[in-house]
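Scroll down for the structure; my scribbles are underneath it.
FYI, it's all coordinate maths here, none of it is from the lab. Computed from a prediction, not measured in an experiment: that's the story for all the values here. Every residue, glycine among them, receives a Cβ derived from its backbone with ideal geometry; neighbour counts consider all protein chains shown.
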Amino acid sequence: MTQLINYQRCPRQYYFDRVLQLPAADQMAVWNNAEAPEPPANLTATLKGSVIHRFCERYTPDQNVEECLRTSFEEVLRLRQAQLSDRFVEIDQKAAMRAMLPLAKNYLASDVYKRVEAVPKIAEHYSPRPAGAEGLWSELSFRLRRRLGVLNGIIDKLLITPSEIEIIDFKTNRIIYDKSETPRALPTPRIRAPKDGQFAFDFEDEGPPKPVNRHPSLAEALKTAAEDYQLQMQAYALAVRELLPSLAGANVRVTLHFLDPNVEVNLADELLHPVRCEQAVDEGMQRTIF
């Protein structure tokens, strides 16, 4: 999934990286901000995201929030110590904890967490993969075979209830927008009116999003951020339908949970139609090959 998203962002950079293998690590850090250390903690967005994902996967109500976050942080650092190399000693762990704690608390205060806690818990180490029964699965990996290859991905959380299947993906993107300007109304059907604290977007006949560092409103900032993950979410929806045939006819809901500023974004139902998802994934794979 990561390679499809990287190609969607910049086909030329994808070609340099994956085909010609030209960019050095420091050059990639400039192109991919996820690998650029952010002061004062000197924590990369990728590393921060991994820690928060681990926290969201591991936390239970009987735990201390800070202790669970610290344990998650230590586990991720231990697993990536060799990869981080010299960067490891540059990380200010106290500053990193201060930066990540608000994200962890946002998750625990969210409607997403309430829905997660409401479904039956699965003893993941002793139960089979989801087969259609009601429950919650975290960090669910999949391999989806398509005509042009095999697509690999990991779903942060999969909630199966009697009424629907919900695919949840956590995002630690820093959503930046101009709070001093009066928000401008967005043209329909580009954005739907918020309902129950959620946004639903419909991205139709639009080219790739243009790089924007400042947005006039939170809604536009979220719209731009969510556009970047549309293909990823369509792939997850397709994988769930293909790999859980007993749920092929169930309603699928896709939620992007932006932990800063703790807002949910839902893809429009039209974008999650099986045919739309198949076309999006196959076309994305074809473009990377040809």
Margin query: Please list 3J(HN,Hα) in residue order for segment 228-240, calculated via the Karplus relation 6.51 cos²θ - 1.76 cosθ + 1.60 where θ = phi - 60°; whole Hz, with x for glycine and proline.
Written below: 5, 10, 4, 4, 4, 5, 5, 5, 5, 4, 5, 4, 4
Next item on the list: Compute the length gained on full extension between residue 81 and residue 275: take 0.36 nm times their separation in residues and subtract their Cα-Cα distance, giving the result in nm to one decimal.
Entry: 65.6 nm
Checklist line | Distance between segment 57-81 and segment 224-266 - C-alpha centres, whole angstrom | finding: 25 Å
Margin query: Using amide H atoms built in the peptide plane, which far-off residues or other-chain residues are under 5 Å from residue 171 H to H?
Written below: 257, 258, 259
Notebook entry, point to check: Working out 0.36 nm times the residue gap between residue 178 and residue 150, then minus their Cα-Cα distance, what length gain in nm do you get to one decimal?
Noted result: 6.0 nm
Notebook entry, point to check: For the residue pair residue 98 and residue 227, what label-to-label distance in nm results when each label sits 7 Å from Cα along the Cα-to-beta-carbon direction?
Noted result: 3.6 nm
Next item on the list: Write down Rg/Rh for segment 221-290, rounded to two decimals, with Rg from the C-alpha atoms and Rh from the Kirkwood relation over Cα pairs.
Entry: 1.01
Next item on the list: Quick one: which residues, 5+ away or cross-chain, put their amide H under 5 Å from the amide H of residue 178? H built at 1.01 Å from N.
Entry: 215, 217
